[in-house]
Amino acid sequence: MQKNAFIVSIVAIFIATAGWSKAAPPKTGELLYIMHCAECHHHERVGLTAPPLMPSLYSKRSMEKLGDVITNGLPSTTMPAFKTKLSKDEIERVVAHIKTAVEKPEWSFDDISASRILPKKQPPKTHSMDLENVTLIMERGTKSIAVLDGKTLSKQATFYVGNVHGGPKFSYDLKKIYSASRDGIITKFDIPTLSPEFQIKAGIYSRSIAVSPDSSIVAVANQLPQNIILFNKNMNPLHKIATPGKIGGFYSLPQMDAFICSFREKAELWIIDAKKPFAVKKHLLPEPFEDFSISPVGNYILGTKRGSGSLFIYDYKKNMVLKEIPTSGLPHLASSAFWYKNGELMAGVNHIKKPILSIYSLDKLEKVDEIPLPAAGFFVRTHFATPYLWVDTMTEDIVLIDKSDFKKTKIIKAHPGVKSMHVEFTRNGKFALITIPSEDGEVVVYDTATVKKVKSIPSKHPVGKYNATNKTYPAYSMGKRSAKKITGEDVFNSSCMGCHHQIYEAFGPSFAEIANKRTSSQIRTQIAAPKFSSKSLGYKRSSMTHIKLSKNEMDLIVAYILSFKEMAN
């Protein structure tokens, strides 16, 4: 799409034509749009530095507000007011043009490459943040992400990302942030220098973004055009996969070095290889998984469709439904919490339209409890450092439920009279961060041991918050298995899968490579004291996180690693 040449030619024709008559005809809505709007929104209304303008992407109410937005602009954005530049009649013509449908909009690899925007160069900032404890705050009021030091609970930087949809993703070395906006804008941010690297428009309307386990591939799921674009880590497009409809869930799958995708209306689950040629394996489902979540350990997926009345527990490695369980309300599976209770893998699910919290045993494949809530909520969160499930109700109440007996223990009112939501924990679980999502909002910090308020962080309409370790390595926040007999694969799933694969290179070397290069003693030392052992093993620095394992767990994982000795590539 050659935007500038197109606009110049149209405007030139208009000027030439206007000269033929003393009383030029009124400008059409399309021409007014090209003259005043196309530079930011694109001449085909698919968006550039500003959002796309197509009726299919907006509610009827939003479209009715178009005239007011054009007239008065939007505060805290780059949208100016046109009330002094265009008459009321001209604004109405622009609105009429915007309300016309756009037929089969496209966004090509050339369009993607041409959309790259580099920020103004600025000196890099220095900081002493622990990358594993960086926490992000999504600020809808400023369309920005605030970077928070999880230890000091202070903001270190803020960078603009646009209309964010879904959570941002970290690279697996926790040095980069990739954020996708609804408008298809991808922002890449470097945490060590606290600097944005670039923005690029990956599609017209994007659903989600995911990063491969070795951080070499970034995948963007688009709703318009309906496709998945695979990029290298510098966001150069490599491969496009057309999709059969709107995407439901889209995530990376470290256990299989792949991406996983469901659809809102098509009963298929796709597993996409994160290595070339990016093969797609399509698995049939009993019904579409409009929403789903992946257990951080094991091979479990919880999936459901709006209004279906069923929740499915699905094994994505065996490609089979393990159990169909009747459900009510609307389970918000993307916000599920997972933990161990006496060695048993549990899942907690909040419901969007019914005031209940459902508790499932993934080992027993059954619903074990249903806890009534003061109101229908959205999120449930937990961490091994807290004995509670922290459940929001989309009211002023955050309900704390004891994980040992599922009794409602406490109700927190982080800001009495104002809605509270979306709890997140710092890496070690010492602090819980609660969102107060108002224009002059805040993030309220609680000590998880005393359940007392310790700090308030002002924030412009904050929404989600994401800790680097909890987001990227979710098995970490589950802590240890307890008395139940476990295997080496269990330890791998709970402690190693985020960085390592059994036979393929991921962020860290494969188990097969380790087994062929290291002795049992060297493996044990590297796990127990990576900072001490790395230099003796020939590494310039240690990039491995210290993992606390019991003697039994250490024995199991070492034996499991060595079992791949004959499988090196």
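The values are calculated or read from the model by the stated rules, or taken from the named source; none is laboratory data. All figures in this text were calculated on a predicted structure; none of them were measured in a lab. Here the Cβ positions follow ideal geometry from the backbone for every residue, glycine too, while neighbour counts run over all protein chains shown.
For region 165-184, the set of residues classified as touching a residue at least 60 places away in the same chain (Cβ under 8 Å) and either surrounded by fewer than 24 Cβ atoms within 10 Å (Cβ to Cβ) or on the phi < 0 side of the Ramachandran plot (or both) consists of GLY167, PRO168, LYS169, PHE170, SER171, TYR172, ASP173, LEU174, ARG182, ASP183, listed by residue number. Since ASP214 meets every condition but one in (1) in a strand (DSSP E or B); (2) among the charged types (D, E, K, R); (3) touching a residue at least 60 places away in the same chain (Cβ under 8 Å), which condition does it not meet? That leaves (1) as the condition not met. Would a scan of region 193-200 turn up a residue that is closer than 23 Å to ALA506 by Cα and in contact with a His (Cβ under 7 Å, 6 or more places away or on another chain)? Looking through region 193-200, none of the residues is closer than 23 Å to ALA506 by Cα and in contact with a His (Cβ under 7 Å, 6 or more places away or on another chain).
Does at least one position in region 284-302 carry a residue that is part of a strand (DSSP E or B) and more than 22 Å from HIS332 (Cβ to Cβ)? Steps first, please.
The first filter runs over region 284-302 and keeps only residues part of a strand (DSSP E or B), leaving 284, 291-294, 300-302.
Then keep just the ones that are more than 22 Å from HIS332 (Cβ to Cβ); that gives 284.
Checked region 284-302: at least one residue is part of a strand (DSSP E or B) and more than 22 Å from HIS332 (Cβ to Cβ).
Looking only at region 218-266, count every residue that is within 16 Å of LYS276 (Cβ to Cβ), under 17 Å from the mean Cα position of the chain (by Cα) and among the hydrophobic types (A, V, I, L, M, F, W, C) and tell me the total. So the count comes out to 8. Listed by first and then second residue, the pairs with beta-carbon distance under 9 Å, at least 6 apart or on different chains, first residue in region 320-335 and under 17 Å from THR382 (Cβ atoms) and assigned by TED's automatic domain parsing to the domain that holds ALA347, second of a type outside the set (A, V, I, L, M, F, W, C) and at pLDDT below 90, are ALA334/GLY166. For region 251-298, a residue qualifies if it is free of Cβ contacts under 8 Å to residues at least 40 places away in the same chain and among the aromatic types (Phe, Trp, Tyr), and the qualifying residues are PHE263, TRP270.
Going through region 506-527 one residue at a time, which ones are touching a residue at least 40 places away in the same chain (Cβ under 8 Å) and under 12 Å from PHE564 (Cα atoms)? The answer is SER510, PHE511, ALA512, GLU513, ILE514, ALA515, ASN516. All of (1) closer than 30 Å to LEU333 by Cα; (2) at pLDDT below 95 hold for ILE137 with one exception: (2). Residue count for region 63-86, restricted to those that are part of a loop (DSSP other than H, G, I, E, B), over 16 Å from GLY47 (Cα atoms) and of a type in the set (A, V, I, L, M): 3.
Within region 184-201, restricting attention to residues that are touching a strand residue (DSSP E or B) at 6+ places or on another chain (Cβ under 7 Å) and assigned to a loop (DSSP other than H, G, I, E, B), the residue that is nearest to VAL161 (Cα to Cα) is GLY184. Among the residues here, THR435 does not qualify as out of contact with any helix residue (DSSP H, G or I) (no Cβ under 9 Å at 6 or more places or on another chain), closer than 21 Å to ASN470 by Cα and not in a strand (DSSP E or B). Residues in region 131-164 that are outside any strand (DSSP E or B), touching a residue at least 24 places away in the same chain (Cβ under 8 Å) and not hydrophobic (A, V, I, L, M, F, W, C): GLU132, ASN133, ARG140, GLY141, THR142, LYS143, GLY150, LYS151, GLY162, ASN163. Applying the criterion of being farther than 22 Å from ALA258 by Cβ and of a type in the set (D, E, K, R) to the residues of region 287-317, the residue that is modelled with the highest pLDDT is GLU287.
Among the listed residues ILE260, ILE325, which satisfies the condition of being within 20 Å of TYR504 (Cβ to Cβ) and either assigned to a loop (DSSP other than H, G, I, E, B) or among the aliphatic types (A, V, I, L, M) (or both)?
Criteria check complete, one pass: ILE260.
Here is a check on your reading of the model: is TYR466 touching a Cys at 6+ places or on another chain (Cβ under 9 Å) and not polar (S, T, N, Q)? For TYR466, the condition - touching a Cys at 6+ places or on another chain (Cβ under 9 Å) and not polar (S, T, N, Q) - is not met. Say we look at region 66-115 and pick out the residues that are in contact (Cβ under 8 Å) with a residue 60 or more places away in the chain and β-branched (Val, Ile, Thr); which of these is surrounded by the fewest Cβ atoms within 10 Å (Cβ to Cβ)? Looking at the filtered set, the residue picked out is THR77. The set of residues in region 447-481 that are surrounded by 23 or more Cβ atoms within 10 Å (Cβ to Cβ) and either acidic (Asp, Glu) or more than 20 Å from GLU132 (Cβ to Cβ) (or both) comprises SER459, PRO462.
Any residue at all in region 50-68 that is modelled with pLDDT of 60 or more and more than 25 Å from GLN223 (Cβ to Cβ)? Yes: region 50-68 contains one or more residues that are modelled with pLDDT of 60 or more and more than 25 Å from GLN223 (Cβ to Cβ). Evaluated against (1) in the same structural domain as PHE379 (by TED's automatic domain parsing); (2) modelled with pLDDT of 90 or more; (3) touching a Ser or Thr at 6+ places or on another chain (Cβ under 6 Å), LEU345 falls short on exactly one condition, (3). Considering region 30-65, the residues that are free of Cβ contacts under 8 Å to residues at least 40 places away in the same chain and touching a helix residue (DSSP H, G or I) at 6+ places or on another chain (Cβ under 7 Å) include one that is surrounded by the fewest Cβ atoms within 10 Å (Cβ to Cβ), namely MET63.
Which one of these is out of contact with any helix residue (DSSP H, G or I) (no Cβ under 6 Å at 6 or more places or on another chain), at pLDDT 80 or above and part of a helix (DSSP H, G or I): LYS465, LYS471?
On the way: LYS465 fails: part of a helix (DSSP H, G or I).
One residue alone meets the criteria, LYS471.
Just wondering, is there one or more residues in region 415-430 that are of a type in the set (Ser, Thr, Tyr), over 19 Å from ALA334 (Cα atoms) and either more than 20 Å from the chain's Cα centre (by Cα) or surrounded by fewer than 22 Cβ atoms within 10 Å (Cβ to Cβ) (or both)? No, there is no match, as no residue in region 415-430 is of a type in the set (Ser, Thr, Tyr), over 19 Å from ALA334 (Cα atoms) and either more than 20 Å from the chain's Cα centre (by Cα) or surrounded by fewer than 22 Cβ atoms within 10 Å (Cβ to Cβ) (or both).
Test THR304 against the criterion of being of a type in the set (S, T, N, Q), more than 25 Å from the chain's Cα centre (by Cα) and crowded, with 21+ Cβ neighbours inside 10 Å, and give yes or no.
Values: of a type in the set (S, T, N, Q): yes; more than 25 Å from the chain's Cα centre (by Cα): no; crowded, with 21+ Cβ neighbours inside 10 Å: yes.
Criteria not met by THR304.
Just wondering, is there one or more residues in region 19-31 that are among the hydroxyl-bearing types (Ser, Thr, Tyr), modelled with pLDDT of 80 or more, part of a loop (DSSP other than H, G, I, E, B) and over 25 Å from ILE112 (Cβ atoms)? Looking through region 19-31, at least one residue is among the hydroxyl-bearing types (Ser, Thr, Tyr), modelled with pLDDT of 80 or more, part of a loop (DSSP other than H, G, I, E, B) and over 25 Å from ILE112 (Cβ atoms).
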